[in-house]
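Only one structure is covered here, and it is reproduced in the block below.
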Amino acid sequence: MYPKDLKYTKEHEWIKEEDDNYVVGITLHAQEELGDIVFVELPEVGEKFEQGESFAVVESVKAVSDIYAPVSGKVIKVNEKLLDKPELINEDPYGEGWIAVFEIEDPAEIDNLLSADEYKQFLEEEA
């Protein structure tokens, strides 16, 4: 349910290292809470964000939610498939439903994030 090779934020984003860059999306829990996703506002390639800063917006039938950068860095790629098929986030949040790829400034920021077990525990405490 929460892949072990990812790191997580308390705001329900995930991040995964891939080819010296970092892929970011929202967790299974986040997309379940949001319900059917109908629109995604993606960041611009080249934009820079600080850790914790809103970099994208996801709109569902229930709510509009900011998506926060798990680390500081520059967006080098966005998932343009989401423009036509935002439901990919619901269908495959850890795969085809990724949101953006970051080139990060400080790899040490990854250490501030939660492991899969820590994230699962955080969700249990929140419930």
Within the range 1-31, considering residues that are touching a Lys or Arg at 6+ places or on another chain (Cβ under 6 Å) and assigned to a loop (DSSP other than H, G, I, E, B), the one modelled with the highest pLDDT: 6
Residues of the range 69-99 classified as surrounded by fewer than 22 Cβ atoms within 10 Å (Cβ to Cβ), part of a loop (DSSP other than H, G, I, E, B) and in contact with an Asp or Glu (Cβ under 6 Å, 6 or more places away or on another chain), total: 1
Residue 34, sole failed condition from (1) open to solvent by less than 20 Å² (accessible area, probe 1.4 Å); (2) in contact with a Lys or Arg (Cβ under 8 Å, 6 or more places away or on another chain); (3) of a type outside the set (D, E, K, R); (4) closer than 22 Å to residue 115 by Cα: (4)
Subset of the range 100-127 [loosely packed, with under 15 Cβ neighbours inside 10 Å and of a type in the set (Gly, Ala, Ser)]: 108, 115, 127
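The values are calculated or read from the model by the stated rules, or taken from the named source; none is laboratory data. Owing to the predicted nature of the structure, the values given are computational and were not obtained by experimental measurement. Ideal geometry is used to build each Cβ from the backbone, glycine not excepted, and the neighbour counts take in all protein chains shown. Accessible surface is based on the protein model in full, side chains and every heavy atom, while ligands, DNA and RNA are left aside. Shrake-Rupley method; radii C 1.70, N 1.55, O 1.52, S 1.80 Å.
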